[in-house]
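For reference, the structure discussed in these notes is given below.
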Amino acid sequence: MQNIDQQISSGKCPPKLTDSFGRQIKYLRISVTDRCNLRCTYCMPSEGITTIPHNKILRFEEIERLIDIFTSFGIEKVRFTGGEPFVRKGFVGLLDKVSRNENLKSVNITTNGVLLTKHAAQLEKLNIENINLSLDSLDEYNFEKITRKNNLKDVLDSLDWLLKSNIKTKINCVVQADIYKEQIKNLSELTINNDVEVRFIEQMPFNGSGANNVFTSKDTLAYIKNIYSEVQEIQTKRNTAVNYKIKGAKGTIGLISSYERSFCDSCNRLRITSIGMMKNCLYDNGVLDLRELLRSEKSDDEIRALIINSVGKKLKDGHEAEKYLNKFDSMSSIGG
Ligand code: SAM
Ligand code: SF4
């Protein structure tokens with residue numbers, strides 16, 4: 001019998017990773033750490049978060065092996081996230097290697113930006129397609145209220161650098177019911193003179209407690225239209241955000257209904273947490289312990305076969321997955 005590599009090269013095994021609803025997986029999100037230098041209220045409690053021991057976190061060589069396994073299924077896009085990816089020592093070295101992987105078309109990062117400018121010189125030399133910068137408020141008081149730290153200036157310096165660099169930039173803002181007016185007004189205004197996409201995200205209950213006071217995308221859009229008389233929807237290829245433009249603006253506004261989950265029918269992603277748990281959906285409990293497999297005697301082929309099997313079990317949408325969810329962990333341990 002041919003192994004999977006031979007089957008793939010002889011065309012006998014579909015080289016694609018497809019779930020039972022026909023959705024092809026093309027995009028892998030990898031969390032490199034559960035640790036973070038901020039303490040965003042919507043993501044984790046102020047205290048009591050237990051950090052995962054280093055030996056349980058995937059080693060960089062294990063992450064590289066996984067990327068090789070997943071690219072053999074045709075996955076071309078990877079996003080590194082966390083916790084805060086830049087707090088992990090050696091992360092830029094991993095980026096350096098992965099961005100030279102010829103099987104990948106696109107390497108991306110989601111970061112809170114606190115440490116970004118420290119690595120600017122190295123990052124500029126790498127082939128990074130996009131950085132999503134989390135920036136919830138331009139107001140010092142509100143920034144500190146959300147993140148429980150006073151690093152707004154560091155994040156704004158990172159934004160300045162990003163806007164001058166060749167790296168495509170999106171800003172992520174999780175809309176808070178108590179300060180939505182300031183968030184939406186100030187961040188939408190950024191799109192007028194900057195070629196940037198500002199994305200307003202519905203808060204999900206992944207904060208360790210499960211409590212959630214969601215400010216919906218529908219209400220965000222209504223507030224934007226209340227401020228700007230001319231706001232047009234723009235047609236983009238289907239993705240998680242529905243995009244809008246204020247008339248005459250250089251940039252765009254994206255609305256992500258992550259709580260409503262209106263985009264699940266076109267979901268093309270898989271997640272790997274920092275401990276190597278594969279998740280078909282943010283709302284599932286984890287479907288395959290990749291770390292255990294990587295640290296066993298299993299061959300790449302055997303791991304591939306188990307991945308195919310687990311992807312086949314991907315549920316229709318996040319509402320279905322939530323029915324079986326044991327606990328709303330902190331997003332820092334899942335990798336948002
Ligand atoms: N620390 C990095 C950062 O903040 O960009 C990367 C990890 S963070 C978990 C990834 C993304 O998840 C961020 O854009 C963050 O705003 C988002 N996020 C965290 N908790 C969330 C929640 N409860 N609901 C919606 N988005 C959340
Ligand atoms: Fe840290 Fe990102 Fe979570 Fe904020 S959202 S606490 S920056 S992991």
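Return the calculated 222 nm mean residue ellipticity for the chain, to the nearest 500 deg cm²/dmol, obtained by summing -39500 (n - 2.57) across DSSP H runs with n ≥ 4 and dividing by the residue count. Write down the numbers at each step before the final one.
Details: 12 runs with 104 residues, N = 336.
Helices in the chain give a 222 nm mean residue ellipticity of -8500 deg cm²/dmol.
What is the helix-to-structure angle for 152-164, meaning the angle in degrees between its Cα long axis and the longest Cα principal axis of the chain, kept from 0 to 90 and rounded to the nearest 10?
The two axes meet at around 70 degrees.
Tally the DSSP beta bridges in the chain and give the antiparallel ones as a percent, rounded to 5. Intermediate values should be presented prior to the final figure.
Working: 15 of 47 bridges.
Counting DSSP beta bridges with both partners in the chain, the antiparallel share is about 30 percent.
Do any trypsin sites (Lys or Arg not before Pro) in segment 243-303 lie in a loop, going by DSSP, with at most 16 other beta-carbon atoms within 10 Å of their beta carbon, and if so which? Kindly include the intermediate steps, with their values, before the conclusion.
Values: sites: 245, 247, 250, 261, 269, 271, 279, 291, 295, 298; in loops: 247, 250, 261, 295, 298.
Answer in residue order: 247, 250, 295, 298.
Within the chain, what's the longest run with no GluC sites (Glu not before Pro) in a DSSP loop and at most 10 other beta-carbon atoms within 10 Å? Give the range, please.
Values: sites that count: 47, 102, 230, 297.
Longest gap between qualifying sites, sites excluded: 103-229.
Using alpha carbons only, how many angstrom separate the centre of segment 30-98 from the centre of segment 166-187?
Here the answer is 24 Å between Cα centres.
Using a 1.4 Å probe on the protein heavy atoms, what percent of the accessible area of the chain belongs to carbon and sulfur? Don't skip to the answer; put the middle values down first.
On the way: 7640 of 16120 Å².
Result for the chain: 47 percent of the exposed heavy-atom area is carbon or sulfur.
Compute the acute angle (0 to 90°) between the alpha-carbon long axis of helix 180-193 and the principal axis of greatest extent of the alpha-carbon atoms of the chain; round to the nearest 10°.
80
Among the chymotrypsin sites (Phe, Trp or Tyr not before Pro) within segment 231-336, which fall in a DSSP loop and have no more than 11 other Cβ atoms within 10 Å of their own Cβ?
Working: sites: 244, 259, 263, 283, 324, 328; in loops: 259, 263, 283, 324, 328.
Within segment 231-336, the qualifying chymotrypsin sites (Phe, Trp or Tyr not before Pro) (loop, at most 11 other Cβ atoms within 10 Å) are 324.
How many Å² of accessible area per residue for the chain, probe 1.4 Å?
Values: 16120 Å² over 336 residues.
Accessible area per residue, the chain: 48 Å².
Quick one, can you get me the convex hull of the C-alpha atoms of the chain expressed as volume per residue in Å³?
On the way: hull volume 45.1 nm³, N = 336.
Value for the chain: 134 Å³ per residue.
With 10 Å bins from zero, work out the P(r) of segment 36-159 over every alpha carbon pair and list the percent per bin.
Binned Cα distances yield the sequence 12, 39, 33, 15, 1.
Give me the distance between the Cα centres of segment 310-336 and segment 190-252, rounded to whole Å.
Taking the Cα centre of segment 190-252 as reference, the centre of segment 310-336 is 24 Å away.
Can you tell me the orientation of helix 60-71 relative to the chain, as the angle in degrees between its alpha-carbon axis and the longest Cα principal axis, to the nearest 10?
With rounding to tens, the tilt is 80 degrees.
The values are calculated or read from the model by the stated rules, or taken from the named source; none is laboratory data. What you are looking at is a predicted structure, and each value in this text was computed from that prediction instead of being measured. All Cβ positions, even for glycine, are placed from backbone atoms using ideal geometry, and neighbour counts span all protein chains on display. We work out accessible area using only protein heavy atoms, side chains counted, and drop any ligands, DNA or RNA first. Shrake-Rupley method; radii C 1.70, N 1.55, O 1.52, S 1.80 Å.
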